[in-house]
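*Asks:* Please see the structure below; I have some questions.
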Amino acid sequence: MKFAKSYEPGDKEPEIYAAWEASGAFRPKVPQYPVNDASSRGVDAEKGLDQSKYYSIVMPPPNANGNLHIGHGLTVALEDSLTRYYRLRGRSAWYIPGADHAGFETWVVYEKSLEKIGKSRFEYSRDELYAQVWDFVEEQRGNMELQLRALGASCAWDDLTFTLDENVVARVYKTFEKMWNDGMIYRGEKLVNYCSKHRTAFADIEVEHKDEKGMLWEIAYPIVEDDSNQNFSEARPSGPSLRADGAQARRSSASSEKFDVESSSALVVSTTRPETLFGDVAVAVNPEDERYKDLIGKHVRLPLTKREIPVIADEHADMEYGTGVVKITPAHDYDDFEVGERHDLPRVQVIGEDGLMLDAAGPNYAGLTTEECRKKVLKDLKEQGLLRGEKKIEHAVAHCYKCGTVIEPMLKEQWFIDVEKLAELAIERLEKGEIKFFPASKKKVLVNYLRGLKDWNISRQIPWGIAIPMFRKVNEDATDSPDWVFDTRTNLTEIEVGGVKYMRDEDTFDTWFSSAHWPMVCTDWVEGVPNPYYPLNVMETGADILFAWVARMIMIGVYVTGEVPFREVYLHGLVLDEHGQKMSKSKGNVINPMELVTKYGSDAFRLGILRGRSAGMNQAFSENSVVSGRNLCNKLWNVARLVDDIVSEDDDFDTCTTLNTGEDWICRELDVCREKVELDMLNYRFAEAVETLYSTIWDKYADWFLESQKIYRNSPLLKKTLEMILVMLHPFAPFVTEAIWQNLSWTEDMIITQKWPAKLEYDPMTAGEFERIREVVNEARATLQVIEGGKRWKILYGDDSLVAENAELICKLTGVPAVESCEGQPRGLRLATMNSEAYLDVPEKVVAKYRATLEEKILAVGRELDALNARMMNPAYVDKAPVHLVKQTQDGIKEKQALIERLKKQLEVI
RNA sequence: GGUUCCUUAGCUCAGUUGGCUAGAGCGUACGAUUCACAUUCGUAAGGUCACAGGUUCGAGCCCUGUAGGAACCACCA
């Protein structure tokens, strides 16, 4: 086949991908199914599984509903390189693709589209909505899969797992049931992060804290002087939270409507949220605070209401902050919630799930938005003379990470996982070193996070997700039966158990709860059945979801399977724009990976995005690096074009041996390259592996070896070395290497299923000789560049067999008109560095002009010599440094001295 | 407040258990051209390795501190 003059990726990529897919190359050689047939999976009953034969990696499932972004591009580049590398290494490699229902993300998109047609989610039942979103996702799906194909992902499409697939749901329910039975699931009324726009709760991790400017107001709470010793908390009936009608608050028997500002004393509290005042159930001062010690146990009147609330002592009150007095609103603040628990205070909820004030705020305020209410409260307080001050401050405010709405801590009954045991299990495995992290530092970060982990709220109030398999008793009279039952019949809204009716809980699971099962569901893990693909060899994902995902996979994985879900974790950082800025729509600096693939080809994109990247680090990325990737592809294409040309002309012998100059050398260089790439892949040093291949192909194979082969043609070696290069680059640039493979006149099959190269044989002495030729050529080139006349001059050689034997090659590489014998009469400018008997045949007056350069060179070498001498003068160095280094220094001194001698001699001639 | 990371050429980054004169790509300057490739080839300039101490025969690398930057967690009434 004829090679075109340049490589055009666009024409070939889809065709190549289709051929790979059709050939079955993406499927693992040893399938995991049928799951119960252990013998077909190489399981030896005696020895168990030989893990070194398999390689498993899962794709962090992209949103089924979306397009791939640059982060996915990086993910595929990393994961597919690993997959293809281990496939070439002979493993049964299984790269399992996935698609994420992306609960909340997709829901937000869908809800927006509902809004557009003037509908609201509240017009439909949950099941209706679920069906609608399913269709919506189904329509959009496929996009993402096409894009993964364009990126060259060699994943097993037959095994694509969708996060709502039956087996996923079944597994999630099994785990939930196990936890329920183990007492690790509880329903609790707690403060949860609540977005009033999306009307759902979030896990702590889904909330974004932003520093914002705000106000700190000081509000006077009048002290009730005729305080009896009636205790607030005793007056309240025990039980769960109190809905806030204020009934439990002690009524002021003789409270005057108007507070006399002048004559009465008051406690001044500091607050950023005056609108929650109606939910106050106490004010707290620090027990150490001398200013307020006498007031502890007394009561104050809650402004704008007739309620009286106690003054309590609690460490939470910071003496330094504001006035040192803090209002306690357990239903709307996390700290206050805890204070409330410590002091057994009621919880008065004043803000509803729609973000509007509840009746508990009183008739004047109920129904207002929190913002309107704040304004009115402030105005009313001012009128009554109770607003004592305001101060601008900066504080962190929680926002919904999707819509930016301020997150309201909301009192809600939700399902929680008691994470204590889970975290403990995970920490134990991590500390045993069962999972290796890249970068290593992330392990510490993870353990630290797990140590402080709070219980996990897994309820979400959105229809798009896996239904929580819990049913609540309808009939309160059936006292013997449990309030809640676990049941997997979540397709029903109502079930009957033991003659008692139960209603389905309408909430769905936090997406991360189901994603935590990913490694086991993707690999079809079944209890008691040996599975060569579980644990995964590696989990590759973004460092930003270390806590949300990686932590949870480990906890759930160990809890369910008793094994860590993966042996290694590679975390990639963010892809930043070329100035190191985070990409965002608002900044307009978003790079679309598909555009780059279209423009430069998939390989160029992959090579480009891997360049300069290291584990866990955010890294800048620009089109430039893709251009350089494209250039490498074209270079390789032309290398192949030349090789194919040479071998087709001259193809009459078959044994592959090294015969001529440069051949042992290239074998050595390729072998060094191979070893380095192997080591780099073992350590997930992708950028270094690419770098090594780049310079080996370009600077060594093309620039030196192929140039030498234009003179000495060794077809078998050319074939073998080219194949080796192609195979080694294949994991990173799959398309161009396959395109070349298909185009070469002698190759068979496909490169994707070839074998990784074995060690090459070569003669190190001969390899070293070529190194000398390179040095002579380099010196000649550099010198010719600066002397008058440039390449006009010939090169002469004296008693130097290496130069004599390679005269033609040196002539070609330096571009001089001739390389010939000096016939026993050395003259001109000596190429002295390598102690070769080679001279640039330049007249004396040109050499004279070179004098200054020569003198400078002598000085430079002299400085190097001095440094080496100084080292040898140090007795401690000679004494303590390793012998080979000392010898190296000694040799270096001899060499430098000899070089200076040669240069000085040259100077004398002038 | 806690945890972690980063600071090396104009830019983006390598530099693996400390070991010769600290590297690459891009960019810059100069030069080349019927030859596989202008998506090319050659040559060069460009660095107090953030700073200050310490350990060591020897430090970009290890230790301590300082400065600057970033991320995450918790909190900010």
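Values quoted throughout were computed directly from the atomic coordinates according to the rules given, and no laboratory measurement underlies them. Because the structure is a prediction, the values reported are computed rather than measured. Because the Cβ atoms are built from the backbone with ideal geometry, glycine has one as well, and the counts that use them run over all protein chains shown.
*Asks:* Tally Lys/Arg at +1 and Asp/Glu at -1 over every other residue whose Cβ is under 12 Å from the Cβ of A:ASN869; what's the total? Before the final figure, lay out the partial values.
*Replies:* Working: positive: A:ARG863, A:ARG871, A:LYS894, A:LYS896; negative: A:GLU864, A:ASP866.
Every neighbour counted, the sum reads +2.
*Asks:* Let me ask you something else. Of the options A:ALA313, A:ALA19, A:TYR173, report the single residue whose Cα projects farthest towards the positive end of the charge dipole of chain A (beta-carbon charges: Lys, Arg +1; Asp, Glu -1).
*Replies:* Toward the positive end, the furthest listed residue is A:ALA19.
*Asks:* Could you state the angle between the C-alpha long axis of helix A:715-729 and the longest principal axis of the C-alpha atoms of chain A, as a value from 0 to 90 degrees rounded to the nearest 10?
*Replies:* Roughly 10 degrees between the two axes.
*Asks:* Something else about it: Would you give the gap between the C-alpha center of segment A:685-709 and the C-alpha center of segment A:766-804, rounded to a whole Å?
*Replies:* Comparing the Cα centres of segment A:685-709 and segment A:766-804, I get a distance of 22 Å.
*Asks:* Before anything else, pin down the relative contact order of segment A:456-581: Cα pairs under 8 Å, at least 6 apart, normalised by residue count, whole percent. Numbers along the way, then the final one.
*Replies:* Details: 187 pairs, mean separation 28.3, N = 126.
Relative contact order for segment A:456-581 comes out at 22 percent.
*Asks:* How do A:LYS719, A:LYS904, A:LYS887, A:LYS812 rank when sorted from fewest to most other Cβ atoms within 10 Å of their own Cβ? Write down the numbers at each step before the final one.
*Replies:* On the way: A:LYS719 21, A:LYS904 13, A:LYS887 10, A:LYS812 16.
By the 10 Å Cβ count, ascending: A:LYS887, A:LYS904, A:LYS812, A:LYS719.
*Asks:* Give me the percent relative contact order of segment A:839-910, please, defined on Cα pairs under 8 angstrom at least 6 residues apart. Spell out each step's value before the answer.
*Replies:* Values: 32 pairs, mean separation 33.8, N = 72.
Computed value for segment A:839-910: 47 percent relative contact order.
*Asks:* Let me know the Kirkwood hydrodynamic radius for segment A:399-494, please, with Cα pairs as the basis and the value in Å to one decimal. Show your work: numbers first, answer last.
*Replies:* On the way: mean 1/r = 0.0574 Å⁻¹.
In segment A:399-494 this quantity evaluates to 17.4 Å.
*Asks:* Working from Cα positions, state the angle (0 to 90°, nearest 10) between the long axis of helix A:166-181 and the longest principal axis of chain A.
*Replies:* 50
*Asks:* For segment A:283-351 and segment A:827-876, compute the distance between their C-alpha centroids and round to whole Å.
*Replies:* Cα centroid to Cα centroid, the span is 84 Å.
*Asks:* Sticking with this one: Hey, what did chain A get for relative contact order, percent, Cα under 8 Å, at least 6 apart?
*Replies:* Values: 1561 pairs, mean separation 114.6, N = 910.
Computed value for chain A: 13 percent relative contact order.
*Asks:* What is the fewest-to-most order of A:ARG713, A:ARG611 by other Cβ atoms lying within 10 Å of their Cβ?
*Replies:* Values: A:ARG713 16, A:ARG611 19.
With the fewest neighbours first, A:ARG713, A:ARG611 line up as A:ARG713, A:ARG611.
*Asks:* Now a separate question. Among all the lysines, which ones have a C-alpha under 17 Å from A:LYS896's C-alpha, if same-chain residues fewer than 8 places away are not counted?
*Replies:* The qualifying lysines are A:LYS857, A:LYS887, A:LYS904, A:LYS905.
*Asks:* Taking the alpha-carbon distance from A:LYS710 and a cut-off under 13 Å, which aspartates and glutamates remain once sequence neighbours fewer than 8 residues away in the same chain are dropped?
*Replies:* List returned: A:ASP644, A:ASP645, A:GLU649, A:ASP650, A:GLU663, A:GLU808.
*Asks:* Please rank A:VAL846, A:VAL803, fewest neighbouring Cβ atoms within 10 Å first, as an exposure proxy. Show your work: numbers first, answer last.
*Replies:* Working: A:VAL846 16, A:VAL803 24.
Ranking A:VAL846, A:VAL803 by Cβ neighbours within 10 Å, fewest first, gives A:VAL846, A:VAL803.
*Asks:* How big is the gap, in Å, between the Cα center of segment A:555-613 and the Cα center of segment A:390-463?
*Replies:* 23
*Asks:* Rounded to the nearest 0.05, what FRET efficiency is calculated for A:GLU105 and A:ASP289 with R0 set to 41 Å and r the Cβ-Cβ distance? Kindly include the intermediate steps, with their values, before the conclusion.
*Replies:* Numbers: r = 47 Å, r/R0 = 1.15.
It comes out at approximately 0.30.
*Asks:* If you don't mind, there's one more thing I want to ask. Setting aside same-chain residues fewer than 8 positions from A:LYS210, which lysines have a Cα under 17 Å from its Cα?
*Replies:* A:LYS392, A:LYS402, A:LYS582
*Asks:* Once both axes come from the Cα atoms, what is the angle between helix A:623-649 and the longest principal axis of chain A, in degrees from 0 to 90, rounded to 10?
*Replies:* Approximately 40 degrees, to the nearest 10.
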